[in-house]
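*Asks:* Quick one: the structure is below, and I'll ask about it shortly.
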Amino acid sequence: KGLPVLAPVTKDTATSLYTIPFHDGASLVLDVAGLLVWSTCEGGQSPAEIACSSPTCLLANAYPAPGCPAPSCGSDRHDKPCTAYPSNPVTGACAAGSLFHTRFAANTTDGNKPVSEVNVRVLAACAPSKLLASLPRGSTGVAGLAGSGLALPSQVASAQKVANKFLLCLPTGGPGVAIFGGGPLPWPQFTQSMDYTPLVAKGGSPAHYISARSIKVENTRVPISERALATGGVMLSTRLPYVLLRRDVYRPLVDAFTKALAAQPANGAPVARAVKPVAPFELCYDTKTLGNNPGGYWVPNVLLELDGGSDWALTGKNSMVDVKPGTACVAFVEMKGVDAGDGSAPAVILGGAQMEDFVLDFDMEKKRLGFLRLPHFTGCSSFNFARST
């Protein structure tokens, strides 16, 4: 049994996306809902000899991305090489590409620090450079982290003989950390008391979903039915830096948040002064009129009551986003083109900002998600990346 594999996570300030080093100076964008590992192939990598009809090719095309061509082997299926269809998580664009063998150059870890260098053999899809549009400067592709067979966690698990799970700690600044293959978990003084909630399947997608029973603002339940939240579920996404909400969830939550913020001065908070909204946000405020505390801006806490009985708490650090000097907006955005109650769309999509400085333990084998907010005096960037010699 091998050791888990460790990679530092960097947040790109221009795009709010997260990257990990992959090999030879190349970095890949982390996509929690991504199905494949893909990168550009200008180096002339030779395709892997994988037939279109093979089980591996079926895995690569098990979940066609919206708008991508339906994979087909045609009548010459036994001789035809496999074609995959990598997609850009930001633009939604996709392209046809062959599969090739590459390596994930990283370190093994004991959960506390790096132990030794390792090259993990990974099967990736080739993509044209135009597929890099809107991704961080210098990145060469995407590392999908979904529950699919050719996503990075599954491939590391197979190559390293470790568990099919990964830990993610997304940073607000400094390096975060990704650990593929299980524990022991870092920060044991905190993670031993980690909360867990089931990972659920929605619509045949391998993306990671959890279920919420209710939403509270402070201690007041928002008038959203449990059925509305169950329809579509709560999806986790790293391609967005904010929360996307279906209309039947968005309107009651925003109204409750506004009401609670207006009531805060009675408890000693400053009076928040609204300013002109900055798209795509509806509620924006003058930062000088928002108090600060260790949890970020002094705004009402939003609590998602999850299956399993634990709450995912969004403090001002996770529910507000600075859009320009002096202006911060409530990081809730209404989904466009989706009807209220439409079960084909998630009820809630939690973005990167809502996961920052949380330790998230995605366990595809036990079908559960562990989550823990790190205390404000530590954080993802406190992981020890120095390897002892």
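*Asks:* Given bins 5 angstrom wide, list per bin the percent of all Cα-Cα distances in the range 132-203, short to long.
*Replies:* Pair shares across the bins are 3, 12, 16, 22, 21, 15, 8, 2, 0.
*Asks:* What FRET efficiency comes out for residue 227 versus residue 278 if R0 is 35 angstrom and r is the Cβ-Cβ distance? Round to the nearest 0.05.
*Replies:* The formula returns an efficiency of 0.55 here.
*Asks:* Separate question: Taking a probe of 1.4 Å, how large is the accessible area per residue of the chain, in Å²?
*Replies:* Accessible surface, normalised per residue, equals 43 Å².
*Asks:* Cα convex hull of the range 281-389: how many Å³ per residue?
*Replies:* 183 Å³
*Asks:* How high is the FRET efficiency from residue 48 to residue 205, r the C-beta distance, R0 25 Å, rounded to 0.05?
*Replies:* Calculated value: 0.45.
*Asks:* Starting from the Cα of residue 80, step 7 Å along the direction of its Cβ; do the same at residue 313; then give the gap between the two resulting points in nm.
*Replies:* 5.5 nm
*Asks:* Once you've got the GNM for the chain with C-alpha springs shorter than 10 Å, pick whichever of 315, 91, 191 has the biggest mean-square fluctuation.
*Replies:* The residue that fluctuates most here is 91.
*Asks:* In whole Å, how far is the Cα centre of the range 210-253 from that of the range 184-198?
*Replies:* 24 Å
*Asks:* Regarding the chain, what are the three Cα extents along the principal axes, ordered largest first, in Å?
*Replies:* 72, 53, 39
*Asks:* A follow-up question, please. As a check on your grasp of the helix formula, calculate [θ] at 222 nm for the chain: sum -39500 (n - 2.57) over DSSP H runs of n ≥ 4, divide by the residue count, round to the nearest 500.
*Replies:* It comes out at -3000 deg cm²/dmol, rounded to the nearest 500.
*Asks:* Same structure again: Which residue, 178, 266, 125, has the most motion in a Gaussian network model of the chain that connects Cα atoms within less than 10 Å?
*Replies:* It is 266.
*Asks:* Right, here's the next one. What percent do you get for the relative contact order of the range 5-182 when only Cα pairs under 8 Å and 6+ apart count?
*Replies:* Taking the mean separation of contacting Cα pairs over the length of the range 5-182, I get 32 percent.
*Asks:* Here is a follow-up. When the accessible area of the range 27-158 is computed with all protein chains present and a 1.4 Å probe, what percentage of it is carbon and sulfur?
*Replies:* Result for the range 27-158: 50 percent of the exposed heavy-atom area is carbon or sulfur.
*Asks:* What is the Rg over Rh value, at two decimals, for the range 1-63, using alpha-carbon atoms and the Kirkwood definition of Rh?
*Replies:* Taking Rh as the inverse mean 1/r over Cα pairs, Rg/Rh reads 1.03.
*Asks:* GNM, the chain, Cα, under 10 Å: largest mean-square fluctuation among 90, 275, 156?
*Replies:* Fluctuation is largest for 275.
*Asks:* Would you compute, for the Cα atoms of the range 196-289, the largest minus smallest coordinate along each principal axis and list the three values in descending order, in whole Å?
*Replies:* 46, 27, 25
*Asks:* Which percent, to the nearest 5, of DSSP beta bridges fully inside the chain are antiparallel?
*Replies:* Looking only at bridges with both residues in the chain, the antiparallel portion is about 85 percent.
*Asks:* Would you please give the FRET efficiency between residue 58 and residue 365, computed as 1/(1 + (r/R0)^6) with r the Cβ-Cβ distance and R0 = 30 Å, to the nearest 0.05?
*Replies:* Efficiency for this residue pair is about 0.90.
*Asks:* Right, next: If each residue of separation counts as 0.36 nm, what is the full-extension length gain between residue 14 and residue 259 once their alpha-carbon separation is subtracted?
*Replies:* Contour length minus the Cα-Cα distance gives 84.9 nm.
*Asks:* Still on this structure, please answer the following. Counting every Cα pair in the range 187-251, what percent are over 14 Å apart?
*Replies:* Result: 68 percent of Cα pairs exceed 14 Å.
*Asks:* Suppose we take every Cα in the range 251-320 and form the convex hull; what volume per residue is that in Å³?
*Replies:* 108 Å³
*Asks:* With N set to the number of residues, divide the alpha-carbon radius of gyration of the range 189-373 by 2.2 N^0.38 Å and report two decimals.
*Replies:* In units of the globular-protein estimate, the range 189-373 measures up at 1.01.
*Asks:* Moving on. Find the relative contact order for the range 135-196 and round it to a whole percent, using C-alpha pairs within less than 8 Å whose residues are 6+ positions apart.
*Replies:* For the range 135-196, the relative contact order is 20 percent.
*Asks:* Continuing with the same structure: Going down the list 161/202; 216/367; 165/216; 216/366; 130/161, which pairs span over 32 Å between their C-alpha atoms?
*Replies:* Pairs exceeding 32 Å: 130/161.
*Asks:* A follow-up question, please. What is the percent of Cα-Cα separations in the range 5-182 that go past 27 Å?
*Replies:* So the pairs more than 27 Å apart make up 23 percent of the total in the range 5-182.
*Asks:* Helix 247-263 against the longest principal axis of the chain: what's the angle in degrees, Cα atoms only, rounded to the nearest 10?
*Replies:* The answer is roughly 40 degrees.
The values are calculated or read from the model by the stated rules, or taken from the named source; none is laboratory data. Please read all numbers here as calculations on a predicted model, not as lab measurements. Cβ: placed from backbone, ideal geometry, glycine included. Neighbour counts: every protein chain shown. Ligands, DNA and RNA are excluded from the accessible area calculation, which covers all protein heavy atoms including side chains. Shrake-Rupley method; radii C 1.70, N 1.55, O 1.52, S 1.80 Å.
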